[in-house]
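The values are calculated or read from the model by the stated rules, or taken from the named source; none is laboratory data. Since the model is a prediction, treat every value here as computed from it, not as a measurement. Cβ atoms come from the backbone with ideal geometry, glycine included; neighbour counts cover every protein chain shown.
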Amino acid sequence: MQAQALTIELGSPDDWPGFRAACRALLAHGADPAVVRWRWPDTRGAQQLGAGVDLFSSAPEQAMPASALAGLAGPGEAGLSLSDTQMSALRHACMHRAAGRFELCHRWLARMQARPELRLDALDADWRAIEALARPVSREIHKMHAFVRFRTTQRPDQPDLHIAWFEPEHHIVRAAAPFFCKRFANMHWAILTPQCSAHWDGHALRLAPGARRSDAPPADAGEALWLTYYASTFNPARLKEQAMLREMPRRYWHNLPETVLISTLVQQARARTGQMLEQ
């Protein structure tokens, strides 16, 4: 007899806490990962969630909120012991844009529960796939920390609002935002992206739906000052073009004001190098 399919509804495309809690319950009850599907609000289409869905009922396809599963597993029931590195890789893999990321992570966890020695198998195919998803996500979080550029808008009777536009490839805004809360704790700012936006009022972080590029303000006087500073600190003697492209991939350039200067600065650096070699 074929096992009954079960669909778990997460709160968002990067709902790591929801996935973790639901997965713990599924593992505790021995649910087969092959029949479990994961979705989130922007992918559920017309299907409605049922309130109080029974995990083990014989109804046709079900959709259950991850939060409804959280109470089904007692403390320690899943019995898994993961390193910090493995937990970080799983969390980052769940932020990837790949459609089957949650199924992959669930399958590996279920296999490791059945065979604990897999925890030490760095060459396991599922684990290597998880790492392959986690690596670009980790890199992009660091790129977001480095490449967000704020523009200032004035508001009557309120502190200035600093707004940035960023276009991440993966679902990283929730994970990356706390860095800006600490770095710019006294500012009021908003980071707008197509999928999700982060807002900080000096006290609390709020996540909101995605935005459009046109919602961000145009260039301001602060940006002109930044360009002047960037040009003055550009050191042609230390220019390594390939290294620069690795650290600042071209896909980010259209959102970085300083990139309008890079071609000219690179050409000038090449010319100076040529002159030095001729002397």
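Observations, loosely collected:
- Restricting Ile163, Ile130, Ile141 to those that are farther than 26 Å from Ala28 by Cα, among the hydrophobic types (A, V, I, L, M, F, W, C) and assigned to a helix (DSSP H, G or I) reduces the list to Ile141.
Residues checked against (1) within 29 Å of Trp40 (Cα to Cα); (2) modelled with pLDDT of 90 or more; (3) aliphatic (A, V, I, L, M):
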| residue | (1), (2), (3) |
| --- | --- |
| Glu140 | yes, yes, no |
| Arg149 | no, no, no |
| Pro159 | no, yes, no |
| Ile172 | yes, yes, yes |
| Pro178 | yes, yes, no |
| Ala185 | no, yes, yes |
| Ala198 | yes, yes, yes |
| Arg213 | yes, yes, no |
| Pro217 | no, no, no |
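- Check on Ala208, of a type outside the set (Lys, Arg), in a strand (DSSP E or B), surrounded by fewer than 17 Cβ atoms within 10 Å (Cβ to Cβ) and touching a strand residue (DSSP E or B) at 6+ places or on another chain (Cβ under 6 Å): yes
- For Ala175, the conditions (1) assigned by TED's automatic domain parsing to the domain that holds Ala21; (2) in a helix (DSSP H, G or I) are fulfilled apart from (1).
- Search result, residues across the stretch 111-127 that are assigned to a helix (DSSP H, G or I) and either surrounded by fewer than 18 Cβ atoms within 10 Å (Cβ to Cβ) or at pLDDT 95 or above (or both): Arg111, Gln113, Ala114, Pro116, Glu117, Leu118, Arg119, Leu120, Ala125, Asp126, Trp127
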